[in-house]
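The values are calculated or read from the model by the stated rules, or taken from the named source; none is laboratory data. Bear in mind that the values here come from a model prediction, so they are computed numbers and not experimental data. Every residue, glycine among them, receives a Cβ derived from its backbone with ideal geometry; neighbour counts consider all protein chains shown. Side chains included, ligands, DNA and RNA excluded: accessible areas come from the protein's heavy atoms. Shrake-Rupley method; radii C 1.70, N 1.55, O 1.52, S 1.80 Å.
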Amino acid sequence: MDSLETARVRGDFPLLERTVGGHRLAYLDSGATAQKPTCVIDAEQDFLTRSNAAVHRGAHTLAVEATEVFEASREAVARFVGADTDEIVWTKNATEALNLVAYGFANASAGLGGADAARFRVGPGETIVVTEMEHHANLVPWQQLAARTGARLRWLPLTDDGRLDLSDLDAIVDESTAVLAFTHVSNVLGTINDAARLVDRARQVGALTVLDACQSAAHLPLDLHALDVDFAAFSGHKMLGPTGIGALYGRKELLDALPPVLTGGSMITTVTLEETQFLPAPQRFEAGTQPVAQIVGLAAAVDYLAETGMETVAAHEAAIGEALLAGVRAVPGMRVLGPLDASLRIGTVSFDVEGVHAHDVGQFLDARGVAARVGHHCAQPLHRRYGITASTRVSSAIYTDEQDVEQFLAALAEVRAFFGVAA
Ligand code: PLP
């Protein structure tokens, strides 16, 4: 199928050995959260067993060890996404990272951050542009920013076949645009967006760009410097890492000027009763005690992916995606959302089963050991665009194999007959 040794890779993921309802587990919900390799589980356990301490505080051996591994993890994650080490801010997840940018703009617009933060001020007469395919995490914070500042929210629409419609790009992203926030890959459609073209247009009009890299970071080679975005967000748990940890990438000079959102301990240089001076980025955004075990786990996850090679991972998932797409299309009564050309997407396929609600589809698949996601996948505007409220999504990862695809397709072929809908 491809150069990835899938059997060996699957052996690294203990959870994949379990059964569900007596069936082999076909885990096709990696778009929601990925399973974890043993090296990630071990890294967290080793840290907690041997070196646990709060970082950047205290001079004792454990504190020094914990701080070293905390900063080495930042370096590993930065390398993995093509960033400099001090351009990576730890957050709880991508949602928090995206909110951190949007609230940073709001704080600047309210006058915080002084002259340095002037470039983040938005207000009436300016626009914030998103896309119709955004996950709510990259939509709602921008709606909130617009509501707080009087800026206007606009969006790039979708084509019938699930791509961004860029025919009016120059009219929608214009001189009034302060921010262009867009997803690298749609979590529903799997569509890979033309980030270079969007960044290019934003640069022409002086808008800042925010990339939601949640669905690309574990599936495609990612080089944020090469993409030339200003900010980017991703979640550890979708990249084989732990929950509770994600990151915000920002160009260093922007991070140093963006007003912080969470304030308190560990992000300051001098505090008097009247006022506070903040540390430079990334520490100025990392108030409070940090989730060090999760950070160490995320570094193990990106090292694991890097060792396999992201080109290899992408090729493997492209082959899985092609098989999923062709297989779903071959079953009568299935309406696939998104491009029918597999090369335009990652290994994620969402579809509507004619005559059967997505939640029933999900339960039917589960009864056969297939874990798929059903619902609106936190993308209600996208579903509304296609005239539905919910869909079924199968999504792959490094460990997805042909048997997963076959098990899923065999179950899918029966679903409509099971619910009494003519095949
Ligand atoms: N953006 C996209 C494209 C996603 O798929 C997700 C999660 O499903 C998110 C943002 C939010 O990620 P998290 O829930 O980890 O913050």
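What are the residues in segment 325-374 that are more than 23 Å from Thr159 (Cβ to Cβ) and out of contact with any helix residue (DSSP H, G or I) (no Cβ under 9 Å at 6 or more places or on another chain), if any?
Initially, segment 325-374 is screened for residues more than 23 Å from Thr159 (Cβ to Cβ), giving 327, 330-333, 355-357, 359-374.
Hits for segment 325-374 are His357, His359, Gly362, Gln363, Asp366.
Say we look at segment 340-376 and pick out the residues that are surrounded by fewer than 19 Cβ atoms within 10 Å (Cβ to Cβ), under 23 Å from Val185 (Cα atoms) and not small (Gly, Ala, Ser); which of these is nearest to the chain's Cα centre (by Cα)?
His376
Here is a yes/no grid of residues against (1) within 13 Å of the ligand (Cβ to nearest atom); (2) in contact (Cβ under 8 Å) with a residue 60 or more places away in the chain; (3) not in a helix (DSSP H, G or I):
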{"site": "Val130", "(1), (2), (3)": "yes, no, yes"}
{"site": "Leu166", "(1), (2), (3)": "no, no, yes"}
{"site": "Asp170", "(1), (2), (3)": "no, no, no"}
{"site": "Asn187", "(1), (2), (3)": "yes, yes, yes"}
{"site": "Arg201", "(1), (2), (3)": "no, no, no"}
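Kindly indicate which of Thr191, Thr177, Thr183 is within 16 Å of the ligand (Cβ to nearest atom), touching a residue at least 40 places away in the same chain (Cβ under 8 Å) and more than 24 Å from Thr91 (Cβ to Cβ).
Working: Thr177 fails: within 16 Å of the ligand (Cβ to nearest atom); Thr183 fails: more than 24 Å from Thr91 (Cβ to Cβ).
Result of the check over Thr191, Thr177, Thr183: Thr191.
Could you give me the residue pairs with C-beta distances under 8 Å whose first residue belongs to segment 84-96 and is open to solvent by 60 Å² or more (accessible area, probe 1.4 Å) and more than 7 Å from the ligand (Cβ to nearest atom), whose second residue is in a helix (DSSP H, G or I) and of a type in the set (Lys, Arg) wherever it lies, and which are 6+ apart or on separate chains?
Asp84/Lys252; Asp86/Lys252
Here are the criteria: (1) outside any loop (DSSP other than H, G, I, E, B); (2) in contact with a Lys or Arg (Cβ under 8 Å, 6 or more places away or on another chain); (3) surrounded by 24 or more Cβ atoms within 10 Å (Cβ to Cβ); (4) of a type in the set (Gly, Ala, Ser). Tell me which single one Ala218 does not satisfy.
Condition not satisfied by Ala218: (1).
Checking the condition of a type in the set (Ser, Thr, Tyr) and in contact (Cβ under 8 Å) with a residue 40 or more places away in the chain, which residue from Thr269, Thr289 passes?
From the options Thr269, Thr289, the qualifying one is Thr289.
Does Ala207 satisfy the condition of being surrounded by fewer than 23 Cβ atoms within 10 Å (Cβ to Cβ), more than 12 Å from the ligand (Cβ to nearest atom) and either without any contact (Cβ under 8 Å) to a residue 12 or more places away in the chain or not charged (D, E, K, R) (or both)? Don't jump to the end; show me each part of the working.
Working: surrounded by fewer than 23 Cβ atoms within 10 Å (Cβ to Cβ): no; more than 12 Å from the ligand (Cβ to nearest atom): yes; either without any contact (Cβ under 8 Å) to a residue 12 or more places away in the chain or not charged (D, E, K, R) (or both): yes.
Spelling it out, it is not the case that Ala207 is surrounded by fewer than 23 Cβ atoms within 10 Å (Cβ to Cβ), more than 12 Å from the ligand (Cβ to nearest atom) and either without any contact (Cβ under 8 Å) to a residue 12 or more places away in the chain or not charged (D, E, K, R) (or both).
Okay, residues lined up against (1) more than 16 Å from the ligand (Cβ to nearest atom); (2) open to solvent by less than 50 Å² (accessible area, probe 1.4 Å); (3) at pLDDT below 95; (4) in contact with an Asp or Glu (Cβ under 8 Å, 6 or more places away or on another chain):
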{"residue": "Met239", "(1), (2), (3), (4)": "no, yes, no, no"}
{"residue": "Gly246", "(1), (2), (3), (4)": "no, yes, no, yes"}
{"residue": "Gly250", "(1), (2), (3), (4)": "yes, yes, no, yes"}
{"residue": "Glu253", "(1), (2), (3), (4)": "yes, no, no, no"}
{"residue": "Pro260", "(1), (2), (3), (4)": "yes, yes, no, no"}
{"residue": "Val271", "(1), (2), (3), (4)": "yes, no, no, no"}
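For Tyr304, work out the one condition from (1) among the aromatic types (Phe, Trp, Tyr); (2) under 20 Å from Thr38 (Cβ atoms); (3) free of Cβ contacts under 8 Å to residues at least 60 places away in the same chain it doesn't fulfil.
Of everything listed in (1) among the aromatic types (Phe, Trp, Tyr); (2) under 20 Å from Thr38 (Cβ atoms); (3) free of Cβ contacts under 8 Å to residues at least 60 places away in the same chain, Tyr304 misses just condition (3).
Could you say whether any residue in segment 87-100 is in contact with a Lys or Arg (Cβ under 6 Å, 6 or more places away or on another chain) and of a type in the set (Asp, Glu)?
yes
Consider segment 377-408. How many of its residues are closer than 10 Å to Val188 by Cβ and either aromatic (Phe, Trp, Tyr) or part of a loop (DSSP other than H, G, I, E, B) (or both)?
4
Which members of segment 212-237 meet the condition of being out of contact with any Gly (no Cβ under 6 Å at 6 or more places or on another chain), within 16 Å of the ligand (Cβ to nearest atom) and farther than 26 Å from Tyr399 by Cα?
Leu227, Val229
Consider segment 280-294. How many of its residues are under 20 Å from Glu87 (Cβ atoms) and surrounded by fewer than 17 Cβ atoms within 10 Å (Cβ to Cβ)?
Summing the residues that are under 20 Å from Glu87 (Cβ atoms) and surrounded by fewer than 17 Cβ atoms within 10 Å (Cβ to Cβ) in segment 280-294 gives 1.
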